[in-house]
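The values are calculated or read from the model by the stated rules, or taken from the named source; none is laboratory data. Everything numeric here is computed off the predicted structure, so don't read it as measured data. A quick note on method: Cβ atoms are made from the backbone with ideal geometry, for glycine too, and the neighbour counts reach across all protein chains shown.
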Amino acid sequence: MRILALLIIVCSFQHINAADIKYPVSQIPKQLLKGANVVCRTQVEEYHLVSLDEAIVKTRVALTILNEKGDRFSGMVVHYSNLIKVTGFEGSLYNAEGQLIRKLKSKEIGDQSNVSEISLMDDSRVKFHNFNHRTYPYTVEYEVEEKYLNTYNFPRWFPQAAEHYAVEHSSFRFVAPLDYKVRYKAFNYPQPPAETIQGKYKSYFWEIRDQAVIQSVFASPQWREMTTNVFFAPSDFKMQGYTGNASSWEEFGKFQVKLHDGKDRLPQNILDKIQQLTAGISDEKEKVKILFEFLQQNTRYILISFGIGSLQPFEASYVASKGYGDCKALSNYMYSILKAAGIKSHYALINGGRESYARFFVEEFPSHQFNHMVLSVPLAKDTMWLECTSQTESAGYMGSYTGNRKALLITDQGGKLVNTPRYGLKENLQTRAIDAKIDAEGNLVMDVSTIYKGTQQDEVSSLINNNSKDKVQKILQQHLELPTYEINSFKYDLKKGMLPQIEEDLNITVPAYATVSGKRMFIVPNILNRGGLRLTFDTTRKLDYVFESEYRDEDKQVIEIPAGYELETPFENIAIKTPFGNYSATLKVEGNKIIYHRIREQFSGRFPPASGEAIAKYYNDIYKSDRLRIVFVKSQK
Amino acid sequence: MRTLFTLLCSVLLLQAFSQNEAPFPKFGKITVNDLEKKLYPLDSHAKAVVLQDVGSVSIEGNSKGWFSLVISRHKIVHIINKNGYSLADVEIPLYKSGNNAEERISAIKGSTYNLVNGKLEETKMDKSNLFTENVNKNKMVKKFTMPNVKEGSIIEYEYKVTSDFIRQLDPWIFQEEVPVLWSEFTFSLPGFFTYAPLMRGYLPLSFADRKERTNYFSVRDGGGAGQSQNYNFSAPVTDLRWVMKDVPALHTESFTSSILNHISRMEFQMMAQGHPLNNVNFQKSWFDLTKMLMESEDFGAGLKTKSWVSDDIKPLFASISNEEEKAKKIFGYVRDNYTSIGNSGIGMTEPLKNIIKNKKGAVSDLNLLLAGLLRYHGLDASPVILSTTGNGFVWEAYPNLKGFNYVVVLLKINGKDIYLDASKPQLGYNYILPYCYNGMARVIGDDFREISLNANTLQETSQTMVIIANDEKGKLVGKVRHTPGLYESYQARNKIKDKGAEAFFKEIEKEYGPEVVIQNTSVDSLKHYDLPVTIQYDIDLNLEKDNLLYVNPMFNEGWKKNPFTSLKRSYPVEMPYMVDETFLLTLEVPAGYEVDELPKQLMLKIDEDGSGFFEYRISHSGSTISFRSRLKMNKAFFMPEEYDTLREFMTIVVKKHNEQIVFKKKK
């Protein structure tokens, strides 16, 4: 018997040896290498929902790193927390021929806290490893096993992670009890998943092979439209004792109601204060404004989150005593304040971020697609939206971080998908007047007065609200596109409102703005607002062009130059109207004054690849006109 | 009578003394008056003002048979507006090492004071405001955030840290990004330890004083398996106190090596211990330190022994007889075959054997491997330890290894000094990056010596040649040949590696403006890291044939923006190297045109001391225009008093680089 056992061991040992040849680079199909820095040789992911309390997630991934640029994918980082445990972590490194170089030792796995930059404290941690190999190409293989102690959030299958990343094989298996309703939403995967039954569980299987690299281009659509991926979401779920169902937005909202239940009690001193602040005021809108200002003056944003604390707010009384909280806690506090004043409001879950984030949202697929919370206050005439984490934002204004998108209102009846305020061409304005004077040496002094509205005021608002006065001066002194300049004075006036507006007055000296050489003077009339792009028309493009934001800029300038000059090369006036935007720039000289007028209206929209030529012309025309130089020559008289 | 006199005297004394006393000697002394103050003349724009920051450190016996530092801190900040809220979040890093040495925090106390209806309202910090982040096995961070903070709040907190790392006392920093009205540090130094305090930065102390007293010390020795023992003794103690009042805020400007070099602070270095302890002199000479490093396992090991040189390496360089050729081969071998996992100070992170096996290591590992291999092959190579610019200066007067954070190699061949850094994949032979040029560096080897790596000796020379003529169709076309300095070459190589040559040239084309097209692009010496790259391409100006043509003779090579944006400067300008840029153009007058106007020539010196000059020469003969621009700096450091001159000088450079040649159509 002993001999037999030994034999088996010897045999299997040899067997393992032979199998050690894995992922030789020579086996990668040629078409996958083109433009690739990384080839995913195989990625096998399995999400196994054991019960509503527990799921096991197994991932095996092998990536061939072809060159230095692929190195950023060569490591493995696993995030974990109170609700996710890491139960397995292995790795191997192979050379180009597919021979095993070495395996990771468990002591090489790093482990550290991963408290995010915006957060004071949370429970997120990472385990990480990297072979730091550099003889290209090479292959890393990792196997990771995690245990999820909740079923609120499911992973997403996203085989093609980035540009220059080809996929030889990738699969995802979702395993759940027979009676569990598995919900998914597939993109660029037309056929249904393969379904099999294994005992008490049913499995759903997706798989792709041989996907060459895709490239992001100017005005690309969403990445998820360009590649295969599948979203998953729970029907029934459970998290730290709370249960819910995400099959509809309505049901999903009911879970949020539970999380907020009983969190709205306020201490007596705050109740008295509310009473005092609103006494004698009958207009509800005015009341909201006053109470929102009270919130802004007495709280600040601090993120502290453990476990379900990433979804559930602190109690209103906590915020009342500490004076801080995160978006949920502050929204809940404001909700409680309004409630105490007899005003109904709703929490609103939102996916905050640049405007492109807004389109990231999949309306028809109820699930946790949110990273932020605001408050929505329905009033008789309109709805007021409140960004409770900001100490400076106007009551009722959302801006580019939260405007122009969907939000999930949490009502007593459950969730309801609504639109946040829209800011478009009529709202997002920058209107500027420049009164400038150029002396005989070409030095320019100007008064610049600008009115910013809508999302065009967001950046200015953050500049003046987040910086001390000397810091504002410093930033202004750096970021203008002028060779050398001095900000002599500056003034800002913020008018709060549903559509806030900022008036800016600058006085700037620009030494040698105009180039005086000999008898000539060279001037670029557009001093501060040069836009456009240099684009070449890509005839091979297959993707639509997508433009996100809408805005309107108007610049009126009067530039006085020394007497005795006459225009040598005139300005080419231009006026273009396109489906992407309108642009016009005109210039005339009256006496020794240059009068320049520019209007740019940028539209949002989606355009087919065939529009490429017109789009390139549009951007190039603006680019050119905005930089046109005019030349004056001293009169011969 | 006598009593009255004494009383008067003590009142006077008290008054004289109180001027030198911190404004809030005890916790909880904030008044309504303090809260009502809205404006501080020191800085009327500040987002917050530190009313006082008082620290003290004493040395006490511990139960581990030795001594600990006990560091106390008491800080009070007036939050003026919302931008100052971040000062209400406090993080205190605490370290521990494997051998039972650690840092502990205790006695954390904090309050926020607000003015509510003319009355002072105090909100105390409680346990729920305190958090502990276990970063990794050697580090944790204690965090707290003050409750109830609003515009106009005053926050006050204090805490105590007990540290077993008595040789690593953190510097006391007087200056912050907000103004500080009173910054004070007291060091209660027992007679049996000697520390050297080192004042850094440009601001003077308001005053310093010292008091002598006697203190009682008790040290308990756990004794391991045996019985524990107590040692009790008294020893003289000196209370050294340093105070800086009305410290302005410090902001980082462009061309700053490290703000650490300029911030006002007091550093401490432990020098010796003495009676009643054993006499030990910690103050090592540079000679001692060099010897110690050479003998240590994690630095000098590979330089002295040979057993780590594995059999697969031995034959690689055996056949090369020329010394320099051999050195280049060995350098290339380490650079091209080993991965750098980043910089982690001067010590090795793993034994050389493992480095060779895994083919990866930190900067120190790779460069010590390089030094070892060079020596193994009979070459005169030594590691050099230095402090990179971001890490601050090291000072010659107090020999100490703590300030160094980077290792390169110095090789001597035929009387030449060759500097090598094998940890950067595309860095050439005999070139180390500008961030290594930060003053004193030390050669570690059989002998010891100091070298100075000074940016005032590092030249970055670039040359651009452009030839433009009419083609057969009368269009202006030409060739550009740009040979940058070694640093710009290194950056160009990295850029081409990251983004590809196509994107690299696209960017260049973009800088020329909308009409210009560049083609037939090439980069020479891309893989010859010892040489600068040469970037070449053909250029098509696509000028529109108007009555007048305007051409900037610098094309896109000129300075477009003055790098000195700030109007004033409170500390030196530290450029990474001395710039020497030459631009040459030969331009044929466009067919059918004649020269109407040329920019004026100019020769400009920064000053009479020869700090640098700018030359702008242009001439016209027959159908050819010759142009030359040269900007040369003879030093990289400029003092604050030279700033105005430097800024003005660059303004003129930018202006000249914008000027145009004018051609007009022949009639």
**Q.** So B:Glu133, is it more than 30 Å from the chain's Cα centre (by Cα), more than 18 Å from A:Tyr301 (Cα to Cα), within 12 Å of chain A (Cβ to nearest Cβ) and part of a strand (DSSP E or B)
**A.** no
Q. Here are A:Ala186, A:Ala176, A:Ala219: which of them is within 29 Å of the chain's Cα centre (by Cα), surrounded by 14 or more Cβ atoms within 10 Å (Cβ to Cβ) and closer than 30 Å to A:Leu311 by Cα?
A. A:Ala186
Q) Does any residue of the range A:233-240 turn out to be modelled with pLDDT under 95, assigned to a loop (DSSP other than H, G, I, E, B) and hydroxyl-bearing (Ser, Thr, Tyr)? A) no
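Each row is one residue, and each column tells you yes or no for (1) farther than 13 Å from A:Thr450 by Cβ; (2) among the aliphatic types (A, V, I, L, M).
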| position | (1), (2) |
| --- | --- |
| A:Gly497 | yes, no |
| A:Pro500 | yes, no |
| A:Glu503 | no, no |
| A:Leu506 | no, yes |
| A:Ser517 | yes, no |
| A:Gly531 | yes, no |
| A:Thr536 | yes, no |
Q: Give the residue, chosen from A:Ile523, A:Ile508, that is modelled with pLDDT of 95 or more, buried (at least 18 other Cβ atoms within 10 Å of the Cβ) and more than 9 Å from chain B (Cβ to nearest Cβ).
A: A:Ile508
Q: Looking only at the range B:20-35, count how many residues are loosely packed, with under 14 Cβ neighbours inside 10 Å and either in contact with a Gly (Cβ under 9 Å, 6 or more places away or on another chain) or modelled with pLDDT under 90 (or both).
A: 3
Q: Considering (1) within 18 Å of A:Tyr333 (Cα to Cα); (2) at pLDDT below 90, say which one A:Trp223 fails and leave the rest.
A: (1)
(Q) Let me spell it out: the conditions are (1) crowded, with 20+ Cβ neighbours inside 10 Å; (2) closer than 14 Å to A:Ile270 by Cα; (3) among the small types (Gly, Ala, Ser); (4) more than 9 Å from every other protein chain (Cβ to nearest Cβ), and A:Ala329 meets all of them except one. Which number is the exception? (A) (2)
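Can you tell me which residue in the range B:136-167 is farthest from the other protein chains (Cβ to nearest Cβ), limited to those that are aliphatic (A, V, I, L, M) and under 14 Å from B:Tyr95 (Cα atoms)?
Taking the range B:136-167 as the starting set, the residues that turn out to be aliphatic (A, V, I, L, M) are B:140-141, B:146, B:149, B:154-155, B:161, B:166.
After this cut, where a residue has to be under 14 Å from B:Tyr95 (Cα atoms) as well, the list is B:140-141, B:161, B:166.
Details: B:Met140: 9, B:Val141: 8, B:Val161: 20, B:Ile166: 27 Å.
In this case the residue turns out to be B:Ile166.
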Q: Among the residues of the range A:500-554, write down those that are part of a loop (DSSP other than H, G, I, E, B), farther than 23 Å from A:Glu481 by Cα and of a type in the set (S, T, N, Q).
A: A:Thr536, A:Thr539, A:Thr540
Q: Kindly establish whether B:Glu350 is loosely packed, with under 13 Cβ neighbours inside 10 Å and either farther than 27 Å from A:Glu68 by Cβ or within 14 Å of another protein chain (Cβ to nearest Cβ) (or both).
A: no
Q.
Just checking: which of the strands (runs of 3 or more DSSP E) contained wholly in the range B:355-452 hold 1 or more residues that are touching a strand residue (DSSP E or B) at 6+ places or on another chain (Cβ under 7 Å) and of a type in the set (Gly, Ala, Ser)?
A. B:380-386, B:439-444
Q. Considering A:Arg125, A:Arg60, A:Arg41, which residue is surrounded by 19 or more Cβ atoms within 10 Å (Cβ to Cβ) and at pLDDT 95 or above?
A. A:Arg41
**Q.** Any chance A:Ile343 is out of contact with any Gly (no Cβ under 8 Å at 6 or more places or on another chain), assigned to a helix (DSSP H, G or I) and hydrophobic (A, V, I, L, M, F, W, C)
**A.** no
Q | Criterion (more than 15 Å from A:Arg432 (Cα to Cα) and facing chain B (nearest Cβ under 10 Å)) met by exactly one of A:Ser549, A:Ser468, A:Ser462 | A | A:Ser468
**Q.** From B:Lys143, B:Lys160, B:Lys124, residue being free of Cβ contacts under 8 Å to residues at least 24 places away in the same chain and touching a strand residue (DSSP E or B) at 6+ places or on another chain (Cβ under 9 Å)
**A.** B:Lys124
(Q) When the residues of the range B:84-110 are narrowed to those that are within 13 Å of chain A (Cβ to nearest Cβ) and assigned to a strand (DSSP E or B), which ends up nearest to A:Ile302 (Cα to Cα)? (A) B:Asp89
Q.
Could you check the range A:109-131 and list, in sequence order, the residues that are closer than 24 Å to A:Ile21 by Cβ and outside any loop (DSSP other than H, G, I, E, B)?
A. A:His129
Q: Go over the candidates B:Lys667, B:Lys600 one by one and state the one that is more than 14 Å from chain A (Cβ to nearest Cβ), over 23 Å from B:Asn454 (Cα atoms) and assigned to a loop (DSSP other than H, G, I, E, B).
A: B:Lys667
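Does any residue of the range A:93-113 turn out to be in contact with a Leu (Cβ under 9 Å, 6 or more places away or on another chain), among the polar types (S, T, N, Q) and within 12 Å of chain B (Cβ to nearest Cβ)?
From the range A:93-113, those in contact with a Leu (Cβ under 9 Å, 6 or more places away or on another chain) are A:93-94, A:100-104; that's our starting set.
Narrowing the set further to residues that are among the polar types (S, T, N, Q) leaves none.
There is no residue in the range A:93-113 that is in contact with a Leu (Cβ under 9 Å, 6 or more places away or on another chain), among the polar types (S, T, N, Q) and within 12 Å of chain B (Cβ to nearest Cβ).
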Q: Working carefully through the options A:Thr540, A:Thr569, find the one that is at pLDDT below 95, loosely packed, with under 14 Cβ neighbours inside 10 Å and of a type in the set (S, T, N, Q).
A: A:Thr540
Q) All but one of (1) free of Cβ contacts under 8 Å to residues at least 60 places away in the same chain; (2) within 13 Å of chain A (Cβ to nearest Cβ) hold for B:Lys605; which doesn't? A) (2)
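Restrict the check to the range A:314-335 and report whether at least one residue is more than 19 Å from B:Met146 (Cα to Cα) and among the hydrophobic types (A, V, I, L, M, F, W, C). Break it down into steps so the answer makes sense when it comes.
First pass over the range A:314-335, keeping only residues more than 19 Å from B:Met146 (Cα to Cα): A:328, A:331-332, A:334-335.
In the following step, the residues that additionally are among the hydrophobic types (A, V, I, L, M, F, W, C) were identified as A:334.
Yes, the range A:314-335 contains a residue that is more than 19 Å from B:Met146 (Cα to Cα) and among the hydrophobic types (A, V, I, L, M, F, W, C).
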Q: Output the number of residues of the range B:309-350 satisfying the condition of being more than 17 Å from B:Val407 (Cβ to Cβ) and either of a type in the set (S, T, N, Q) or over 33 Å from the mean Cα position of the chain (by Cα) (or both).
A: 19
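Name the one entry in A:Arg534, A:Arg530 that is basic (Lys, Arg) and within 11 Å of chain B (Cβ to nearest Cβ). Outline the logic, then answer.
Numbers: A:Arg530 fails: within 11 Å of chain B (Cβ to nearest Cβ).
Among A:Arg534, A:Arg530, only A:Arg534 is basic (Lys, Arg) and within 11 Å of chain B (Cβ to nearest Cβ).
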Q: Answer yes if at least one residue in the range A:403-415 is in contact with a Pro (Cβ under 7 Å, 6 or more places away or on another chain) and part of a loop (DSSP other than H, G, I, E, B), and no otherwise.
A: yes
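Evaluate the following for A:Glu481: is it in contact (Cβ under 8 Å) with a residue 40 or more places away in the chain and either part of a strand (DSSP E or B) or in contact with a Gly (Cβ under 9 Å, 6 or more places away or on another chain) (or both)?
So A:Glu481 fails the test.
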